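Student: Mind having a look at this structure? Questions to follow.
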Amino acid sequence: MTVIILRLIFLNGDYVVTLNDIARQGANGAAMMPIIQGVGRAAIEISAVLRGAVFRGALGQAGAENVQGEQQQKLDILSDEIFLDEMRSTGFVCAVGSEEQEELLVIDEYSGADYLVLVDPLDGSSNLDIDGPVGTIFSVVKRKTEKSKCPHVSDTLQSGQSVIAAGYVLYGPALMLVCSVGAGVNGYTYNPSDARFELSHPDIRIPETGGYYSVNESNADKWLDNMGANLERLKQETGLGMRYVGAMVADMHRTLLKGGIFLYPADDKNTSGKLRLLYEAIPMGFIMEQAGGKAMSRDIGVLNIEPEALHQRVPVYFGSEKKVNILLGI
Ligand code: AHG
Ligand code: MN
Ligand code: MN
């Protein structure tokens, strides 16, 4: 009680809710708070690197391909290094599965720790050169292997039902961290004058009405699973406008706040879809469902898919329950 009183005195009576409040959320908040604080530190560092990248020649391609067969941006690699360092600094993470690393990265000093983190360190990196919004996506699972053993990639292959915490950072006009520990979704915005994240969007719930449909419609003629006809039905029945930024974090954040649906269907080029199950679809699907929305992949809930590989891809249809049901004709 003393701590809170001191803080009230210091801040002229305004009790400011910070990431520390996560410790009081649900059964897992206390265990997850230090890891989410680590994500917050990484976000602040990555945001600073993004804002100064043009002056240090850090934009553009790194000249290497990642395991996805995609050209890595220099900032993909830098963000990955920063994120890994901050996960190490928590002392609670034994290994990290990253979009930018083919294999699981074991944190040797803490190989006995309880948690693994899956991460897309820089989401939407094709937006970097045009100064568009980008993000970081993360989810946390508890290891299955004995603490005495070395963490194994099989520790990451857990369905979304085993996610303990998940969320994303949005590097936009403001720096935001949106996360859930299974007790709803809260949005925190970095306050430069206090140099910390402060609660700005408590208890985010996706609106049932309004919003937009968000999809790269230029692929429509290649979509599988009858998605072309499904989207036409959705447009006819709802009259929704369309918005698409090309960064999942930004498109999903708008869908959460304004309503509507975000989809990335499978097509004849990406027959399993483009987005990665473990560090894009599951964490964002977890957030969508915690915010009262629906997260489907073909005819199964994305959180019920049993992962088979670290970089596995899946189609995604995430949004308000009504819009997802109209899209899928259920
Ligand atoms: P990443 O930059 O981590 O590879 O993710 C990019 C993803 C996702 O952010 C976005 O929704 C999708 O790629 C956009 O794909 P298209 O450019 O094919 O629309
Ligand atoms: Mn991504
Ligand atoms: Mn990425």
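The values are calculated or read from the model by the stated rules, or taken from the named source; none is laboratory data. Keep in mind it's a predicted model, so treat the numbers as computed, not measured. Here the Cβ is made from the backbone with ideal geometry for all residues, glycine too, and neighbour counts use every protein chain on show. Surface accessibility is based on the protein's heavy atoms, side chains included, excluding ligands, DNA and RNA. Shrake-Rupley method; radii C 1.70, N 1.55, O 1.52, S 1.80 Å.
Student: Residue by residue through the range 74-103, note down the ones that are open to solvent by less than 30 Å² (accessible area, probe 1.4 Å), away from ligand 1 (no atom under 15 Å from the Cβ) and in contact (Cβ under 8 Å) with a residue 24 or more places away in the chain. Break it down into steps so the answer makes sense when it comes.
Tutor: First pass over the range 74-103, keeping only residues open to solvent by less than 30 Å² (accessible area, probe 1.4 Å): 75-76, 79-80, 82-83, 86-87, 90-91, 93-100.
After this cut, where a residue has to be away from ligand 1 (no atom under 15 Å from the Cβ) as well, the list is 82, 86-87, 90-91, 93-96.
Result: I82, E86, M87, T90, G91, V93, C94, A95.
Student: Confirm whether V119 is closer than 27 Å to H253 by Cα, open to solvent by less than 10 Å² (accessible area, probe 1.4 Å), modelled with pLDDT of 95 or more and away from ligand 2 (no atom under 16 Å from the Cβ). Outline the logic, then answer.
Tutor: Values: closer than 27 Å to H253 by Cα: yes; open to solvent by less than 10 Å² (accessible area, probe 1.4 Å): yes; modelled with pLDDT of 95 or more: yes; away from ligand 2 (no atom under 16 Å from the Cβ): no.
Criteria not met by V119.
Student: May I pose another question? Checking Y188 against (1) surrounded by 22 or more Cβ atoms within 10 Å (Cβ to Cβ); (2) part of a helix (DSSP H, G or I), which test does it fail?
Tutor: All conditions pass for Y188, except number (2).
Student: Also, I was wondering about something else. For R233, which of the numbered conditions (1) crowded, with 17+ Cβ neighbours inside 10 Å; (2) out of contact with any strand residue (DSSP E or B) (no Cβ under 7 Å at 6 or more places or on another chain) fails to hold?
Tutor: (1)
Student: Further question: Suppose the filter is open to solvent by 10 Å² or more (accessible area, probe 1.4 Å), in a helix (DSSP H, G or I) and either on the phi > 0 side of the Ramachandran plot or not acidic (D, E) (or both); does N270 pass it? First the steps, then the outcome.
Tutor: Details: open to solvent by 10 Å² or more (accessible area, probe 1.4 Å): yes; in a helix (DSSP H, G or I): no; either on the phi > 0 side of the Ramachandran plot or not acidic (D, E) (or both): yes.
No; evaluated as a whole, the condition is false for this residue.
Student: Next up: Sort out which residues of the range 124-157 are part of a loop (DSSP other than H, G, I, E, B), away from ligand 1 (no atom under 16 Å from the Cβ), open to solvent by 50 Å² or more (accessible area, probe 1.4 Å) and of a type outside the set (G, A, S), and write them in order of number.
Tutor: First pass over the range 124-157, keeping only residues part of a loop (DSSP other than H, G, I, E, B): 124, 131-133, 143-152, 156-157.
Within this subset, residues satisfying the condition of being away from ligand 1 (no atom under 16 Å from the Cβ) are 143-152, 156-157.
Checking the rest, the ones that are also open to solvent by 50 Å² or more (accessible area, probe 1.4 Å) come to 144, 146-150, 152.
Hits for the range 124-157 are K144, E146, K147, K149, C150, H152.
Student: If you go through the range 177-194 one residue at a time, do you hit one that is in contact with a Cys (Cβ under 6 Å, 6 or more places away or on another chain) and closer than 30 Å to A309 by Cα?
Tutor: First, pick out the residues of the range 177-194 that are in contact with a Cys (Cβ under 6 Å, 6 or more places away or on another chain): none.
No, the range 177-194 contains no residue that is in contact with a Cys (Cβ under 6 Å, 6 or more places away or on another chain) and closer than 30 Å to A309 by Cα.
Table: residues versus (1) more than 16 Å from ligand 2 (Cβ to nearest atom); (2) of a type in the set (S, T, N, Q).
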{"position": "Q37", "(1), (2)": "yes, yes"}
{"position": "G60", "(1), (2)": "yes, no"}
{"position": "V67", "(1), (2)": "no, no"}
{"position": "D76", "(1), (2)": "no, no"}
{"position": "S79", "(1), (2)": "no, yes"}
{"position": "M87", "(1), (2)": "yes, no"}
{"position": "V93", "(1), (2)": "yes, no"}
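To keep it simple, each residue is scored yes or no on (1) within 16 Å of ligand 3 (Cβ to nearest atom); (2) closer than 26 Å to N304 by Cβ; (3) not polar (S, T, N, Q).
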{"site": "S125", "(1), (2), (3)": "yes, no, no"}
{"site": "G135", "(1), (2), (3)": "yes, yes, yes"}
{"site": "S139", "(1), (2), (3)": "yes, yes, no"}
{"site": "E146", "(1), (2), (3)": "no, no, yes"}
{"site": "P151", "(1), (2), (3)": "no, yes, yes"}
{"site": "L157", "(1), (2), (3)": "no, yes, yes"}
{"site": "G160", "(1), (2), (3)": "no, yes, yes"}
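Student: Scan the range 284-307 and give yes if some residue there is within 16 Å of ligand 3 (Cβ to nearest atom) and within 25 Å of D221 (Cα to Cα), otherwise no. First the steps, then the outcome.
Tutor: Applying the first criterion (within 16 Å of ligand 3 (Cβ to nearest atom)) to the range 284-307 yields 284.
Then drop every residue that is not within 25 Å of D221 (Cα to Cα), which leaves none.
Scanning the range 284-307 turns up no residue that is within 16 Å of ligand 3 (Cβ to nearest atom) and within 25 Å of D221 (Cα to Cα).
Student: Could I ask something else about it? For the range 38-54: of the residues being open to solvent by 50 Å² or more (accessible area, probe 1.4 Å) and modelled with pLDDT of 95 or more, which is farthest from G182 (Cα to Cα)?
Tutor: Filtering the range 38-54 for residues open to solvent by 50 Å² or more (accessible area, probe 1.4 Å) gives 41, 44-45, 48, 51, 54.
Applying the additional criterion that residues be modelled with pLDDT of 95 or more yields 41, 44-45, 48, 51.
On the way: R41: 22, I44: 24, E45: 27, A48: 30, R51: 32 Å.
Filtering first and then ranking leaves R51.
Student: How many residues are open to solvent by less than 10 Å² (accessible area, probe 1.4 Å), of a type in the set (A, V, I, L, M) and under 17 Å from P207 (Cα atoms) if we restrict to the range 236-262?
Tutor: Here the count works out to 3.
Student: For the range 183-202, which positions are closer than 21 Å to V163 by Cβ and within 16 Å of the chain's Cα centre (by Cα)?
Tutor: G184, V185, N186, G187, Y188, listed by residue number.
Student: For A48, only one of the following conditions fails: (1) touching a residue at least 60 places away in the same chain (Cβ under 8 Å); (2) out of contact with any helix residue (DSSP H, G or I) (no Cβ under 6 Å at 6 or more places or on another chain); (3) among the aliphatic types (A, V, I, L, M). What is its number?
Tutor: It is condition (1) that A48 fails.
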